[in-house]
There are 6 protein chains.
Amino acid sequence: MKLLVVRPVVQTEQLSKLAGELGAKELREAYGCGAELEVAYLPYGPSSLECEYDECAAAPAICEVVKTRRSETDGILVDCFADPGIDAAREVAAGKPVLGAGEAALTAAMLLGERMCIVTVLDSVGRMIYRRAQRQGLRGRMTRIRSVNVPVLATTDRERLVDAITREGLDAVLTEDADVLVLGCTGLRSLADEVAGNLRSKTGFDIPVVDPSIAGIRMLEALVGMGMPQSGRAYAAPPDKLRVLPVVGSMPG
Amino acid sequence: MKLLVVRPVVQTEQLSKLAGELGAKELREAYGCGAELEVAYLPYGPSSLECEYDECAAAPAICEVVKTRRSETDGILVDCFADPGIDAAREVAAGKPVLGAGEAALTAAMLLGERMCIVTVLDSVGRMIYRRAQRQGLRGRMTRIRSVNVPVLATTDRERLVDAITREGLDAVLTEDADVLVLGCTGLRSLADEVAGNLRSKTGFDIPVVDPSIAGIRMLEALVGMGMPQSGRAYAAPPDKLRVLPVVGSMPG
Amino acid sequence: MKLLVVRPVVQTEQLSKLAGELGAKELREAYGCGAELEVAYLPYGPSSLECEYDECAAAPAICEVVKTRRSETDGILVDCFADPGIDAAREVAAGKPVLGAGEAALTAAMLLGERMCIVTVLDSVGRMIYRRAQRQGLRGRMTRIRSVNVPVLATTDRERLVDAITREGLDAVLTEDADVLVLGCTGLRSLADEVAGNLRSKTGFDIPVVDPSIAGIRMLEALVGMGMPQSGRAYAAPPDKLRVLPVVGSMPG
Amino acid sequence: MKLLVVRPVVQTEQLSKLAGELGAKELREAYGCGAELEVAYLPYGPSSLECEYDECAAAPAICEVVKTRRSETDGILVDCFADPGIDAAREVAAGKPVLGAGEAALTAAMLLGERMCIVTVLDSVGRMIYRRAQRQGLRGRMTRIRSVNVPVLATTDRERLVDAITREGLDAVLTEDADVLVLGCTGLRSLADEVAGNLRSKTGFDIPVVDPSIAGIRMLEALVGMGMPQSGRAYAAPPDKLRVLPVVGSMPG
Amino acid sequence: MKLLVVRPVVQTEQLSKLAGELGAKELREAYGCGAELEVAYLPYGPSSLECEYDECAAAPAICEVVKTRRSETDGILVDCFADPGIDAAREVAAGKPVLGAGEAALTAAMLLGERMCIVTVLDSVGRMIYRRAQRQGLRGRMTRIRSVNVPVLATTDRERLVDAITREGLDAVLTEDADVLVLGCTGLRSLADEVAGNLRSKTGFDIPVVDPSIAGIRMLEALVGMGMPQSGRAYAAPPDKLRVLPVVGSMPG
Amino acid sequence: MKLLVVRPVVQTEQLSKLAGELGAKELREAYGCGAELEVAYLPYGPSSLECEYDECAAAPAICEVVKTRRSETDGILVDCFADPGIDAAREVAAGKPVLGAGEAALTAAMLLGERMCIVTVLDSVGRMIYRRAQRQGLRGRMTRIRSVNVPVLATTDRERLVDAITREGLDAVLTEDADVLVLGCTGLRSLADEVAGNLRSKTGFDIPVVDPSIAGIRMLEALVGMGMPQSGRAYAAPPDKLRVLPVVGSMPG
């Protein structure tokens, strides 16, 4: 099985440093995953995804990547919690399943507990997630969305982040009856275990802490393994017509 | 009051013929509207909006138009039933209200009756509308979405369209308890009165038939008249960062 | 365009003083509104609306006003946040749109942000609003309803009111993720700008503060401008039959 | 236990004939009920309830009856499927439980099966019931509301009514998965057993057919038997103030 | 009328002491109930119900009791807030109404106020109640479920319990707009009046405090009084087939 | 990875013939699954699951199997569409993920399309599924549940079944806007591909047809691969106490 991980950002030096240069091979090891993983970045688009405008800037390029590479893969993960462009990507994926890391994480969380708390990086990202969750019909099973107020590209102070997420998660468990935590940004990957350890020592309970990238890869594997296409009626191929498409340039955002 | 009507497509000869070259002045007269209207087309994007991919192709250009012209207008209508890019457009509108013709039409319909039936052009557009309505929390007040199976750019056979919409609307009134009809495509504008007349003669009731463009203009006038900005907390201005933005080109879609 | 503003109370000296004797001309100026406004009070009914009993005492007289004046107006606003009698008024309005200030305000708020906080005068009014919001299907997008515990006819200490509303609104923004505020009583009109200024200075964000009377007038203008009747199937004219109707008297409530 | 049955109409000769002059004693026998029943009609109001306007014409008089007789009864049934004025009546009932026949029937139905079909007399009554059910949060468990298109005061052709209700109920069972039927008008009382017999012979299943008056009496007995007041916080007593109340007259509706 | 109260536990000495040996006669007096009450315990199962596993251990024995005694009773109450096995019990009750104390209490609460707070014994029971309420569609009208963290079989320190329930209930009234309290465990029976008294003295309002056993008996009386079977389509009798059923033994759980 | 597939029935000769004696090895090949699969039947319980009573008869034995074998597996699938006993099984699984085939199928379906139609064997099973879907909050995205009226143990006439499921599925696609089909019984496994082929040739669209057993295995693999326990707060281990547990016997059901 071959899976394509689309990181919906342009690859910059800063990002590479932040992500620790995780290529496909390292990803696969990190995720203990049986599938062959490939990583793709965008030919154009934002350097991080923190608002609706970023998502809209990324979506056309995500579709371009999907169109170019759909024939050589079995499924596609859009590796961002806000699920940018996934409905459009499904229309151009020729039946190959497309999954967003956010919807995968929320779905997995609902199978692990009753009521989830999403902790994300910024309030503005929280707003986007409210809109996505409303569309999925999951707002009734969520606590308030929490944020730690750290921009995506500044998520480098690991200790501070772990502390802040633990604090918000613990508060959600104690005052809003959360029983599952979801990290609301793929930039928080790798903090899940530490946060879970903290929550266990403070509450005495196993509180699952869902990492959206891992949930995304694993749920996508499941869909591909089921051998079924995405619905052709829900996501029909776009009709041919004139579309004046953008080409790559570089302007300040 | 100055309002900007963004037609989220590139302007083509075919479209111009179809739309009857309605410029700002004609629009204003057609809508009997007190505000000063200006019409903008996209610098790049699709020639019509019929699927999620079209929407995603249009959204960045909509944002560009909004950024360029926000300072010279009091409010912006994205004149398409699928509300492409409105969340992103709100983030870059500097507080000026941005409204989609679809959400305006659904909102108005809910103030005119209890249960609405949306009749649109194509099944694939119906799918998009299901997703939007789910996000707005309105699916509980909708009948099944109907379509007449005519592509947007072929909506020229007026008589056939009026007949098909009447047939679907009547069926929704009689078998699903609809009491308001909503035309689910701005391409169907100008058919509303005729359909309403048909429904009146067949049911004996006034069944409002909401035209999304007119609803959009009028509801936007209302929001601007209230003198309030769109929420800066729901739609914060995008942070500065590197974004590799597309420039205009022309490739087959 | 002629609009009728029904103030669903009997006109008393106390009220006149409170409302500053705003007649139709002043209203129009205050609302910067293009339509011709007329104001009507009730021939009988309560002197203020603070509970379900008040609403039920006002509703028949609202219908009488609508029946008497429907032929000389294009649309009718019931100018009270609790929307007294609007369903009945629609049935006797002969197709002319009838709008309640409460539903207008909630509708407008949903177009300006994601999650609203209603601040009203009394807890008992809050209960009525919960019921109305449930009927409109909007409770999922509301924070807890706040109140400042001031009776309608005592809303004269402007400074105290502004402070209390600001405090509740700020708390809703910070602890419940509100991004739009709605003043839950027409008696609070004219405080909106001040509260919005306070919230801006305390949060750094534009938080729209919706005044229900202004929202009501403006949304009604929009509906009338769309040129459509209220649904005759949702609001059919009452059949003729014996109804022993009350005549005006004056007893202590 | 003493219960007051408020028939929210004025008593006319026609109605008396229709209702077979069921006084309190006969009612009690008909319902096999242990409580002492008293019947009250309205001092003014409509002669039947078929639209929102009728309900609004009845509500103030219902409150008057409740205020006059609350001290001599243990609970009050508003004996009409549309539940006119119940929220206001609760505020003036001094803690005595007030129940509407409609909400009682829907509540009982939900304890007898999974999905209910309401069959009522007129389409216009169906609209009112949609609004009430939305407010109770029960629309998700209802099929389409059916009607037999017979005015309340013409419900005398028993055979035709039973046939029409059976036909609608059967269709709801077979095509919409209904498993409980609710008679959506107190004027249909006494037809329940016959309809249930028909459904049993046609489907082979026991399909409960809920009569709203009986459900109302029995559920009210239950609430009174629990010995608890209606919530004083949800239904606080109306504050004293000037209310110009109507006195009885007689004008054509 | 004969009603069977199934206490879904095995009868132990400890339980008998706790329940004060309330037999059928005492129950009837305690509940002021006109029906003839019989009490049944389980032949096998748990000694108390505090988690899903307890419920699943009790359910088959509940069905056995129902099958054995259905012909000699008019209705059956499963006297536990978690409503164990009620759907299965309905299928084997031969049309006799089966009610759970939990659903009865929630239903009654919704007729007494607008927004309820459930206070239960343990967090783990709260989880079960969240699931039941979701299935009944009532989560939108509930505050957070509160617990006092006392195991069912340790509910002997009356004063401490009353204090803890009062504290949680008061907090729900003041900070979450609750207006009805529901005791979320039949083990808390007999505390209702004291808690209600406390809430009255602290808030000045009558806040009903619903006891699930009393609500269960009274609502069941109502259903039986209505003379209707449970829906045979929603709860069809199980088909004959091989079922290897357990026989009673005694192993540590 | 080791997964335990619990078939929640007792193993009979008839069942073995029906299921084609699929042992663990064959299952693994059939599902193309990387995990090591083991199959367990119940020590006591029903021979098939077609109603709530069957489920309740199966649940305690499911828990016994889980308790006995939890230490030697990484995750447990309860292989029945009605998800019998999964909440209780989670409490005794010591943190190992437990999944039901029904919830897995519904979850996967929601990631493949917008609106699903479940086709099951019997109407009575459809009732159970309505209840489960209500609990998961998914009823808003479902069409009416369809059934082909064939008992589980008579699902041997393959051709007739495929035809009936195709007919119902096609009707749901054309008249209720379904875009994903879900087979509502694990007894229908192996028909999915044929039905999907039929739907493709009749509609021209890829309509995914979800087999619950395959969805169950694959989604469970995903959860186990994520390396997270089920929430210890949502599913706390049952407290120690006296439970009189049944031992195996054999009586007619």
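The values are calculated or read from the model by the stated rules, or taken from the named source; none is laboratory data. Here the structure is a predicted model, which means the values were calculated and not measured. Don't worry about glycine lacking a Cβ; one is built from the backbone with ideal geometry, like all the others, and counts go over all protein chains shown.
For region F:71-85, which positions are assigned to a loop (DSSP other than H, G, I, E, B), over 30 Å from B:Arg131 (Cβ atoms) and within 13 Å of the chain's Cα centre (by Cα)?
Within region F:71-85, the first condition is being assigned to a loop (DSSP other than H, G, I, E, B), and the residues that meet it are F:73-74, F:79-85.
Among the residues that remain, those that are also over 30 Å from B:Arg131 (Cβ atoms) are: F:73-74, F:79-80, F:84-85.
Those that are assigned to a loop (DSSP other than H, G, I, E, B), over 30 Å from B:Arg131 (Cβ atoms) and within 13 Å of the chain's Cα centre (by Cα): F:Asp79, F:Cys80, F:Pro84, F:Gly85.
Within region F:153-173, residues that are of a type in the set (D, E, K, R) sit with their Cβ atoms under 6 Å from residues that are surrounded by 19 or more Cβ atoms within 10 Å (Cβ to Cβ), at 6+ positions apart or across chains, in these pairs: F:Glu168/F:Val119; F:Glu168/F:Arg146. If you go through region E:210-229 and keep only what is assigned to a helix (DSSP H, G or I), of a type in the set (A, V, I, L, M) and either facing another protein chain (nearest Cβ under 7 Å) or touching a Ser or Thr at 6+ places or on another chain (Cβ under 6 Å) (or both), you end up with E:Ile214, E:Ala215, E:Met219, E:Ala222, E:Leu223. When region A:104-125 is filtered for residues that are within 7 Å of another protein chain (Cβ to nearest Cβ) and free of Cβ contacts under 8 Å to residues at least 60 places away in the same chain, only A:Leu111 remains.
Just so you know, in region C:133-157 the residues that are away from chain D (no Cβ under 14 Å) and farther than 20 Å from C:Cys51 by Cβ include one that is modelled with the lowest pLDDT, and it is C:Thr156. The residue pairs whose first member lies in region E:226-246 and is under 10 Å from E:Glu91 (Cβ atoms), whose second member is hydroxyl-bearing (Ser, Thr, Tyr), and whose beta carbons are closer than 6 Å, counting only pairs six or more residues apart or on different chains, are E:Ala236/F:Ser124; E:Pro238/F:Tyr53.
Looking at F:Leu188, is it more than 8 Å from every other protein chain (Cβ to nearest Cβ), over 30 Å from A:Arg28 (Cα atoms) and either crowded, with 17+ Cβ neighbours inside 10 Å or touching a strand residue (DSSP E or B) at 6+ places or on another chain (Cβ under 9 Å) (or both)?
Criteria met by F:Leu188.
Counting the residues of region F:194-209 that are at the interface with another protein chain (Cβ under 7 Å from one of its Cβ atoms) and crowded, with 24+ Cβ neighbours inside 10 Å gives 2.
Checking each residue of region D:53-70 against the condition of being of a type outside the set (Gly, Ala, Ser), buried (at least 24 other Cβ atoms within 10 Å of the Cβ) and in a strand (DSSP E or B) gives no match. Restricting attention to region A:74-85, the residues being out of contact with any Ser or Thr (no Cβ under 7 Å at 6 or more places or on another chain) and buried (at least 22 other Cβ atoms within 10 Å of the Cβ) number 8. Name the residue, out of F:Asp171, F:Asp177, that is of a type in the set (Asp, Glu), facing another protein chain (nearest Cβ under 9 Å) and under 20 Å from B:Arg144 (Cα atoms). Checking each option against the conditions leaves just F:Asp177. For A:Asp83, the requirement of being in contact with a Lys or Arg (Cβ under 7 Å, 6 or more places away or on another chain), at positive phi and either at pLDDT 95 or above or outside the structural domain of A:Leu199 (by TED's automatic domain parsing) (or both) is met.
Residues in region A:169-209 that are in a loop (DSSP other than H, G, I, E, B) and of a type in the set (Asp, Glu): A:Asp177, A:Asp179, A:Asp206.
Give me the residue from region A:230-240 that is more than 23 Å from the chain's Cα centre (by Cα) and within 9 Å of chain F (Cβ to nearest Cβ) and, out of that set, farthest from A:Arg115 (Cα to Cα).
So the first thing to find is which residues in region A:230-240 are more than 23 Å from the chain's Cα centre (by Cα), and the list is A:232-233, A:236-240.
From what's left, within 9 Å of chain F (Cβ to nearest Cβ): A:232-233, A:236.
Details: A:Gly232: 32, A:Arg233: 32, A:Ala236: 34 Å.
Going through the qualifying residues, I end up with A:Ala236.
Among the residues of region C:95-119, just one is under 18 Å from D:Met128 (Cα atoms) and more than 18 Å from the chain's Cα centre (by Cα), namely C:Gly95.
Here E:Leu77 qualifies as at pLDDT 95 or above and more than 10 Å from chain F (Cβ to nearest Cβ). Screening B:Ser47, B:Ser71 for residues that are at pLDDT below 95 and more than 14 Å from chain C (Cβ to nearest Cβ) leaves exactly one candidate, B:Ser47.
Screening D:Leu18, D:Leu37 for residues that are under 17 Å from the mean Cα position of the chain (by Cα), modelled with pLDDT under 70 and away from chain C (no Cβ under 11 Å) leaves exactly one candidate, D:Leu18.
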